Amino acid sequence: MRQTPIAEMSNTNLLISPSVLAADFAELGAEVRRAVASGADMIHVDVMDGHLVPNISIGPPVVKSLRSTTDLPLDVHLMITDPLKYVEPFAKAGSDHVTFHIESDSDPETTIEAIRGAGMSVGLTLKPGTPASAILPYLPLVDMILVMTVEPGFGGQSFMADMLPKIREIRDAITQQDLPTHLEVDGGIDAKTIGLVTEAGANVMVAGTSIFRHPEGAKHAAKELRENANLA
Ligand code: DX5
Ligand code: ZN
């Protein structure tokens, strides 16, 4: 049975979204089950086209296979130039949620409507060099804002602490407008950095390397993350 949709989860709850980009792709099913058993709230799926970001990862066929491994929401992060064109294939593959980049070529409002129309929740994200002001007009239209805390394209990079004021600015706007919008962070989130991002107002943690490559296992990693979070 499908779990609670992302849009129905509280935006003041700590939610963990392990990124399968850091998993062993040869063992993807087992890796997802390992993440689920760690107490994950959703599964983060990174889609890269080699245009919007300098790397190529996976597409709808892999999402379709992942769909059969878990009932948790699939939190799909489209790092692609033309997200509008791929809304339907990702919906058909079984995605629950699609986040796209404000830096993409697709019109934001049209893309938001298309994602909703396909029965999924919607996220909007921005690269480190893009100011919060670029996404703030769309805040009431989306279920989630994702602040990239590394340059998108690769896992295992170092967290950019200079993104903290942007996280705070967006959380303040969410609170001021009394919106249910989730605030997700992605890149370099681990037991050390989670305290900083939660204090700044983020509630959804993408965690790739820190969950899948933890020497003591995913369960221990997730426990460590929750212990070090500092949600207001
Ligand atoms: C980066 C991806 C991330 C990545 C995070 O472009 O969007 O989701 O998997 O990896 P870690 O947690 O290892 O920084
Ligand atoms: Zn991501």
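The values are calculated or read from the model by the stated rules, or taken from the named source; none is laboratory data. It should be emphasised that the depicted structure is a prediction, and the values quoted were computed from it without experimental measurement. Ideal geometry is used to build each Cβ from the backbone, glycine not excepted, and the neighbour counts take in all protein chains shown. Protein only, heavy atoms only, side chains kept; ligands, DNA and RNA dropped before computing areas. Shrake-Rupley method; radii C 1.70, N 1.55, O 1.52, S 1.80 Å.
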Completion exercise
Counting only residues that are away from ligand 2 (no atom under 16 Å from the Cβ) and either at pLDDT below 95 or open to solvent by less than 40 Å² (accessible area, probe 1.4 Å) (or both), segment 1-21 contains a total of 7
Handout entry: Qualifying position, being away from ligand 2 (no atom under 16 Å from the Cβ), modelled with pLDDT of 95 or more and among the polar types (S, T, N, Q), among T99, T125, T70
Key = T70
Completion exercise
Checked V206, V150, V185 against criteria (out of contact with any strand residue (DSSP E or B) (no Cβ under 6 Å at 6 or more places or on another chain), within 27 Å of I112 (Cα to Cα), within 11 Å of ligand 2 (Cβ to nearest atom) and not charged (D, E, K, R)); the one match is V150
Completion exercise
Subset of segment 215-229, residues in a loop (DSSP other than H, G, I, E, B) and either under 17 Å from G188 (Cβ atoms) or open to solvent by less than 70 Å² (accessible area, probe 1.4 Å) (or both), comes to G217, A229
Problem - Subset tally (residues that are part of a loop (DSSP other than H, G, I, E, B) and either at pLDDT below 95 or not acidic (D, E) (or both)) for segment 158-192 - result: 12
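Would you say L136 is closer than 22 Å to T4 by Cβ, out of contact with any strand residue (DSSP E or B) (no Cβ under 7 Å at 6 or more places or on another chain), away from ligand 1 (no atom under 16 Å from the Cβ) and open to solvent by 10 Å² or more (accessible area, probe 1.4 Å)?
no
So, in segment 141-163, of the ones that are more than 11 Å from ligand 1 (Cβ to nearest atom) and open to solvent by 40 Å² or more (accessible area, probe 1.4 Å), which residue ends up farthest from M42 (Cα to Cα)?
D162
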